1. Can you pull out the residues in region 92-112 that are in a loop (DSSP other than H, G, I, E, B) and without any contact (Cβ under 8 Å) to a residue 12 or more places away in the chain?
2. Taking region 189-233 as the region of interest, how many residues are within 20 Å of PRO299 (Cβ to Cβ) and either open to solvent by 60 Å² or more (accessible area, probe 1.4 Å) or among the small types (Gly, Ala, Ser) (or both)?
3. Looking at region 80-91 only, could you name the residues that are crowded, with 17+ Cβ neighbours inside 10 Å, without any contact (Cβ under 8 Å) to a residue 60 or more places away in the chain and not hydrophobic (A, V, I, L, M, F, W, C)?
4. Would a scan of region 229-245 turn up a residue that is among the charged types (D, E, K, R) and either touching a residue at least 40 places away in the same chain (Cβ under 8 Å) or on the phi > 0 side of the Ramachandran plot (or both)?
5. What is the residue count in region 29-55 for residues that are open to solvent by 30 Å² or more (accessible area, probe 1.4 Å), closer than 23 Å to TYR283 by Cα and hydrophobic (A, V, I, L, M, F, W, C)?
6. Collect the residues in region 298-312 that are touching a strand residue (DSSP E or B) at 6+ places or on another chain (Cβ under 8 Å) and closer than 23 Å to LYS201 by Cα, keeping them in residue-number order.
7. I'd like to check something: does region 256-278 contain any residue that is at positive phi and in contact (Cβ under 8 Å) with a residue 60 or more places away in the chain?
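The values are calculated or read from the model by the stated rules, or taken from the named source; none is laboratory data. Everything quoted here is computed from the prediction, not taken from an experiment. Note: ideal-geometry Cβ built from the backbone for every residue, glycine included; neighbour counts use all protein chains shown. Protein only, heavy atoms only, side chains kept; ligands, DNA and RNA dropped before computing areas. Shrake-Rupley method; radii C 1.70, N 1.55, O 1.52, S 1.80 Å.
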Amino acid sequence: MKALQLVEYGRFELVDLPVPEIGEMDVLVRVRACGICGSDVHGMDGSTGRRIPPIVMGHESAGEIAALGSGVTGWSVGDRVNFDPTFYCGECVYCLRGETNLCDNRQVPGVSCNEYRRNGAFAEYLVVPSRNLYKLPDNLTYEQAAMVEPVSVAVHGVKLLNMKKGDRVAVVGCGMIGFLIVQVLKAKGAGEVIAVDIDPKKQELAKTVGADRGCKSSAGMELDCAIEAVGITATVDIAVRSVRKGGTVSLVGNMSPSVELPLQVVVQRELAVHGSCGSQLDYPESIELIASGAVNVDPMITARISLEQTKEYFDRLYKQEAGLMKVIVCS
């Protein structure tokens, strides 16, 4: 099969690899669409330590079942599917509590680190545990289905806010995840949603997907909740300073490995601050949000490309080319 392999930091090659073998409870998925995630772009230069070459990246994927393991039931060859890329063990204390995103043995396709190596979906085929599969509604394209993973990240981050209908919420950081968070908040009944970003153009874009207004900082607004989608000191500080006493902050962004936290603000105002890691069995809700039109992912998809073009687009994303948001590799 054809695959795009990171052969050394900063360098990709289109290679031929064996079609992976499936286990008893696995399926072989013929990949039809896979999004380039920001974590892939950040990982290609070695800065994250989570993409050690050689590795085939890619985890935001959808396709059709090409083969079934001997123990798999309820699925058929040809079924249109996407999958939760958090491959969990189902046996550790976290899995038994339903906290699959915190699984002690968690693996993600397209990730290669000190703990494990697992090739991903920038390839023609991928092996997926059958319990991670979700059937696609007929009205969902493969490209839209590849967006379920980032939508699920937004859904999980919003859930941690424990938001009540009508609550006023700041979304700090207007990148793709921020835009999806705005839509999820509105779908869940948020009141005023304030889009916070230093770029006025991004503020305006956030309003086109549902934000009520935009600003450079929401600090001091006494909001009910804030959700941060960047992961640097400046934006975490804004999020914490945006909420009222007893308010809630959800931290989704993780661009920096560590940030400064205004501890006295958190303690003296008795704020609840949650870290948000990926998603936690949030795929059914995320699929429904897209299929119903409550979350519109189409404006986020700014390029549909072939596997052969992927090297070029990694470079363009790495250079932060203006206007590029979500790039989907299609086949």
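1. ARG97
2. 16
3. Passing the criteria: only TYR88.
4. Kept after step one, since they are among the charged types (D, E, K, R), are these residues of region 229-245: 237, 241, 244-245.
From the residues that got through so far, the ones that are either touching a residue at least 40 places away in the same chain (Cβ under 8 Å) or on the phi > 0 side of the Ramachandran plot (or both) too are none.
No: zero hits.
5. 0
6. Within region 298-312, MET300, ILE301, THR302, ALA303 qualify.
7. Narrowing region 256-278 to residues at positive phi: 270, 278.
Still in the running and in contact (Cβ under 8 Å) with a residue 60 or more places away in the chain: 278.
Scanning region 256-278, I find at least one residue that is at positive phi and in contact (Cβ under 8 Å) with a residue 60 or more places away in the chain, so the answer is yes.
Residues are listed down the side, and each one gets a yes or a no for (1) open to solvent by 20 Å² or more (accessible area, probe 1.4 Å); (2) not in a loop (DSSP other than H, G, I, E, B):
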residue	(1), (2)
LEU14	yes, yes
VAL19	yes, no
VAL27	no, yes
MET57	no, no
SER61	no, yes
GLY74	yes, no
VAL77	yes, no
ASN114	yes, no
